[in-house]
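Where a number appears in this text, it was derived from the coordinates with a stated rule and is not lab data. Source: prediction; values computed, not measured. Neighbour counts are summed over all protein chains in view; Cβ atoms, including those assigned to glycine, are modelled from backbone coordinates with ideal geometry.
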Amino acid sequence: VLQCYLAPFYRDKKIAGITIVFHDITKIRKVEQMRADFVANASHELRTPLTVIKGYSETLLHGALDDREHAEKFITIIDHEADRLQRLVEELLNLSHLESRRQDPLEESADLLAIIPNVGEELKPRLLDKAIFLDLDLPKGLPHVNANPDRFKQILVNLLDNAIKYSPQGSRVQVTIQEEEKTVKILVKDTGMGIPAKDLPRIFERFYRVDKARSRQMGGFGLGLSIVKHMVENMGGTIGVESEENKGSTFWFTLLKKHN
Ligand code: ADP
């Protein structure tokens, strides 16, 4: 998108020429569009549970309260939708906090080899639930990286959570670590449903979901990966994904080595 300004200039009170200035405002328009999309998406996600809550609470007020069995069912639904709203608001606050911070302090340090097994423990119930084998392929030694340990944990939990969510019963999820010159690369590989090539470039966008209905059913808002991307980048790292539909996905991210 080009914006064009024309400015005549004069010599002896006569127009001697015209200056034409072109401004490329493609980027500004894009940011404006993204902001508008974000507000529309967030409002839509907030409205859906609210509509359900309103519907059931009105039904209760208009008589269903006297029917204990139905009343309990309705209140359970209200409670479930309120949980969903709470999760959404927490994720939105998390995202807005990350977006306003830009860069984490560089004096943080994390020992990944100590943290990763704890993350595995934490996810045990979910792994058992789907009979998924978590293979932690860790090196013997590894330099510390520039990362807040809690943030690192959050990133890994998020990626593993997705790997479990989008993988079949009884499959294997693998975490590998590669040491590079200046960075440490962490890879999370699954053999699940994968991501269609056309969706891959947009996967880290806020609210982007490959299959809205399926993802929503699984409780997702499509915010997890954008939160993860911000966390990685705020720590000075990079993030990416390779994926093939029906074969599986490998999400990876890098963190800067601490030089002692
Ligand atoms: P959600 O909370 O909906 O899972 P995310 O931001 O974490 O949101 O992920 C965005 C979308 O990317 C998901 O809806 C899903 O379609 C896709 N996705 C993420 N991780 C994987 C994975 N490991 N395998 C297949 N699809 C994935």
Nearest-0.05 FRET efficiency for residue 90 and residue 44, computed from C-beta distance (R0 22 Å): 0.80
From phi via Karplus (6.51, -1.76, 1.60), per-residue ³J(HN,Hα) for the stretch 134-142 in Hz, x at Gly/Pro: 9, 9, 9, 9, 10, x, 5, x, 7
Proximal lysines relative to residue 182, as straight alpha-carbon distance under 28 Å, when same-chain residues fewer than 8 apart are discounted: 140, 153, 229, 257, 258
Under 13 Å from residue 73, Cα to Cα: aspartates and glutamates that are on another chain or at least 8 residues apart: 81
Packing rank of 6-19, 179-192, where each peptide gets the mean count of other beta carbons within 10 Å, highest leading: 179-192, 6-19
Environment charge at residue 180 (Cβ cut-off 15 Å; Lys +1, Arg +1, Asp -1, Glu -1): +2
Under the Karplus curve 6.51 cos²θ - 1.76 cosθ + 1.60, θ = phi - 60°, whole-Hz ³J(HN,Hα) for the stretch 119-133, x wherever Gly or Pro sits: 4, x, 4, 4, 8, 3, x, 5, 5, 4, 4, 10, 6, 9, 8
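From the C-alpha coordinates alone, can you work out the Kirkwood hydrodynamic radius of the chain, in Å?
Values: mean 1/r = 0.0460 Å⁻¹.
21.7 Å is the Kirkwood radius here.
For residue 258, what charge total do you get from the other residues with a beta carbon under 13 Å from its beta carbon, if Lys and Arg give +1 and Asp and Glu give -1?
That sum, taken over residues with Cβ under 13 Å, equals -2.
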Value of D in µm² per second that Stokes-Einstein yields for the stretch 1-82, Kirkwood Rh from Cα pairs, at 4 °C (1.567 mPa s): 72
Size of electric dipole in the chain: Cβ of Lys, Arg +1 and of Asp, Glu -1, about Cα centre, debye, nearest 20: 1120
In Hz, Karplus ³J(HN,Hα) per residue of the stretch 148-158 (6.51, -1.76, 1.60; θ = phi - 60°; x = Gly, Pro): 6, x, 5, 5, 4, 4, 4, 5, 5, 4, 4
Debye, to nearest 20: dipole size of the stretch 10-62, +1 on Lys, Arg Cβ, -1 on Asp, Glu Cβ: 460
Alpha-carbon Debye profile of the stretch 106-205, log10 I(q)/I(0) at 0.15, 0.18, 0.20 Å⁻¹: -0.67, -0.92, -1.08
All lysines inside 19 Å of residue 247 as judged from Cα atoms, apart from same-chain residues fewer than 8 positions distant: 130, 165, 189, 198
